[in-house]
1. Go over the candidates THR153, THR162, THR138 one by one and state the one that is touching a Ser or Thr at 6+ places or on another chain (Cβ under 9 Å) and surrounded by fewer than 24 Cβ atoms within 10 Å (Cβ to Cβ).
2. Could you check the range 218-235 and list, in sequence order, the residues that are assigned to a helix (DSSP H, G or I) and over 17 Å from TYR174 (Cα atoms)?
3. Does MET155 meet the test of being touching a Lys or Arg at 6+ places or on another chain (Cβ under 7 Å) and either more than 26 Å from ALA212 (Cβ to Cβ) or without any contact (Cβ under 8 Å) to a residue 24 or more places away in the chain (or both)?
4. From the list LEU222, LEU259, LEU237, LEU265, which residue is surrounded by 13 or more Cβ atoms within 10 Å (Cβ to Cβ) and of a type outside the set (D, E, K, R)?
5. For the range 256-286, how many residues are in contact (Cβ under 8 Å) with a residue 40 or more places away in the chain, among the hydrophobic types (A, V, I, L, M, F, W, C) and within 15 Å of PHE324 (Cβ to Cβ)?
6. Tell me, which residue of the range 272-314 that is of a type in the set (A, V, I, L, M) and not in a helix (DSSP H, G or I) is farthest from PHE335 (Cα to Cα)?
7. Answer yes or no: is there a residue in the range 71-88 that is β-branched (Val, Ile, Thr), within 25 Å of ILE260 (Cα to Cα) and in a helix (DSSP H, G or I).
Amino acid sequence: MPDRQSLLTAMERVIFDPRLWAGLLFVAGLFYLDLPYLGDHALRQTGTATIARNFYELGLNPFYPSSNICGEVAPDYFATEFPFLQTLSVFFYYIFGEQYWIGRLINWTVSCLGLVYFALLVSKLMAGATADETARRTGLFAMLLVIGSITTTFMRKMMPDTFSLFLAIIGTYYLYAYLLDGRRRKLLIGGVLVALGVLSKIPALVVVTLLAVPFVDKAIDLRRKVWATGILSIAGLLTAGWYFAWMPHLQQISTCPALIYPVSLREGFEIFAFEMHEKSIRRFRDIAFCGSYPFWLFLVSLVITMIRREGKLLFGTLAYTALFMLFVFKTGKVFPTHNYYVIPFIPLMAFYCGKLLEEQLTSKWLVGQTVSFVVLSRSYCGSWQGAKTGVQP
């Protein structure tokens, strides 16, 4: 019969397994997925769903997405992100018919799976090839903080924002794993998923910059870095081809207004830093995690990392932040007025918060249970209450 210490060790292993909490979250979020697209972001959800419906009714051609939101009777071509989410939805429409829950379930499934891979990716960032218990706990805490953010709300919407982000996270994990063990299968999987994620929404590209951490590691074989660079270059070319060549072509043959209104970097900086400074800062401080405490934890953890001169992590952080701020500046007034545009930055904030919690907490087993319960309960109750009122998902 196992002794008390063995039982506690086994329980701790289960409690700190990210698959457990992601699985519970997945089951909890299955309620009310079949509600109509009402409440906040209804227009954004219906715009996404309309493309899928037109694929279903008029023929599936992902290169020519069409929409009915421009006021005309017949659908018109729509210059938008690559409609991978809508394409997947159509395959299920062929089986179940057009249903509200299909697109949401796809997004929810990919996102919950992506949460597990995010925890694993954080573990690798902390420990490298062999993640120890400390690194695993850091990954779990970071994942739970993502669950406690507004990310969870958008995981249940017919929108590509979290769908693209978590595809890129899963792909980045596999590319990181390839750099460590050299298995070409992981290189291929990572490259395909990163490409699909970034094509689905280009800000997901920021997650890929975390690969800067292993790229500056001299212990990793240079040939693997070259192969990873090559596969990322292919993904980059596909992304550039869609956003900077094909989307302008679709816009020329469409009567719909442009979906994206980029501004100059200078104008975007002035909007962010001066004209709409308070609203911009609130995206990070108050809205990302529905409260300011994680934001301050993020800053404290970042300062500690700088004091310790953890160069690899700081280099990855700098690349991540610089690319994200590039997107922020190019969106102009969109970022300060849309809460979900901060979502791509939340994984980085959650990583540093999880890192700080792991380093500072002493009674990890008890606190781990408490943090897990509080964060999951908070996220679930928010989704449940929203679903009952028709605002969510």
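1. Matching residue, one of THR153, THR162, THR138: THR153.
2. LEU222
3. no
4. LEU259
5. The total comes to 4.
6. Ranking the qualifying residues of the range 272-314, first place goes to ALA288.
7. Yes, the conditions are met somewhere in the range 71-88.
Here's the yes/no breakdown for (1) within 30 Å of ASN68 (Cα to Cα); (2) touching a Lys or Arg at 6+ places or on another chain (Cβ under 7 Å):
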site: ILE260; (1), (2): yes, no
site: GLU270; (1), (2): no, no
site: ALA273; (1), (2): no, no
site: GLU278; (1), (2): no, no
site: ILE281; (1), (2): no, no
site: SER301; (1), (2): no, yes
site: MET306; (1), (2): no, no
site: ALA319; (1), (2): no, no
site: GLY332; (1), (2): yes, no
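Quick note: the coordinates plus some simple rules give every number you see, no bench work behind them. Values in this document were obtained by computation on a predicted structure and should not be read as measured data. Don't worry about glycine lacking a Cβ; one is built from the backbone with ideal geometry, like all the others, and counts go over all protein chains shown.
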